[in-house]
Amino acid sequence: MTCWVYKDLNIIPHLKNFPYFHPMLNTIKKPIIIFTALLSYIVLQSIWWLRNTWNLYQEIYGGEVLKRKFYMLIGEGVVFLIILGLGFFVIYRAIKKEMALSSQQKNFLMAITHELKTPIASIKLLLQTISSRKLEQQQIQDLSKKAIDDADRLNQLVENILIATKIDERLYLLNKEEISLKELIENIIEKNKNGFLKSMDVILRYPEGTNALYINADVSGMISIVTNLLENASKYSEVGSEIKIDLAEENNSIVLSVSDAGEGIPDEEKENIFMKFYRIGNENTRKKKGTGLGLFIVKNLVLLHNGAIEVKNNSPKGTIFALQFPKN
């Protein structure tokens, strides 16, 4: 099963997937009770007034005239109740959406706090080690390299937050230029081979005789797309497993595919994963790090480049993200 994404997704996942559902339900219980009580009162009052009106008309008119007027009242009452019911449904759905969004934001705050705290603590420890001990030059270089890697990780996290904010506010502007997609990917792999790709076997494949595969695109945007896809693949793959990157030309498009042999994505989650803050599973029991911004950024940057993104199952297990961009 595949899913091509060409426009913004406004899908709100089922609330049972959110660990904060029950506390939030307690928070919002009072206005729901008040609204339900008010709705019940209006319905009961309508029935009471209808009964009284029936009795009054029966005293005054009676016969066929009474029946015609009664049917008229019944029709108006039904229309009123339908409108009231629709209003209740719209308000209730809006409340559910707000609850889901609030839960996602709380999950994000929990995740982002951990993601920021970890590299900061690591950098601090490494610097304290360098400054408080007499170390050999090679040891200093090794510790400094680890600190730089953690700083790069922190910078990538902050960059994702800034990009997501710009996308939300529609302030992200593309600065397009002709770039070699092959060279860009090679540079990203080289830069992160001692970072999140350290325990992965990354394979870049492209057609014979193709040296560059040029594309007219925003450099920082493409770096963010590829980096987030590779980080997502490494996050959900076993240590030592393969991540395959395939480049190909199809008609007037260039296709970039990132394949992993990880846990895979259930079919019912394939659209949800592109939502901001959304992460599969329960935040209280989840072991994988992340903020829920990576794939949201990927999808939106692909769309800004007039491209498309497809997510499908790998064989025998894992996931394939296939990106399609127009050629120069």
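Accessible surface for segment 212-259, divided over its residues, is 36 Å² per residue with a 1.4 Å probe.
Past 24 Å, Cα to Cα: identify those pairs from 166/317; 124/191; 146/235; 166/276; 270/327; 146/244, in the order given.
Pairs exceeding 24 Å: 166/317; 270/327; 146/244.
Based on every Cα atom in segment 177-276, Rg and the maximum pairwise Cα distance Dmax equal 14.1, 40 Å. The Cβ shell under 12 Å around residue 181 holds other residues with a net charge of -3, Lys and Arg each +1, Asp and Glu each -1.
Round to a whole number: what % of the accessible area of segment 166-213 belongs to carbon and sulfur, probe 1.4 Å? Each step should come with its number before you reach the end.
Working: 1320 of 3280 Å².
Accessible surface attributable to carbon and sulfur in segment 166-213 totals 40 percent.
Taking every protein chain into account, the 1.4 Å probe leaves residue 79 with about 80 Å² of accessible area, to the nearest ten.
The values are calculated or read from the model by the stated rules, or taken from the named source; none is laboratory data. Treat the numbers as computed from the prediction; the structure is a model and nothing was measured. Virtual Cβ from ideal backbone geometry, glycine too; neighbours counted across all protein chains shown. SASA here: full protein model, heavy atoms, side chains in, ligands and nucleic acids out. Shrake-Rupley method; radii C 1.70, N 1.55, O 1.52, S 1.80 Å.
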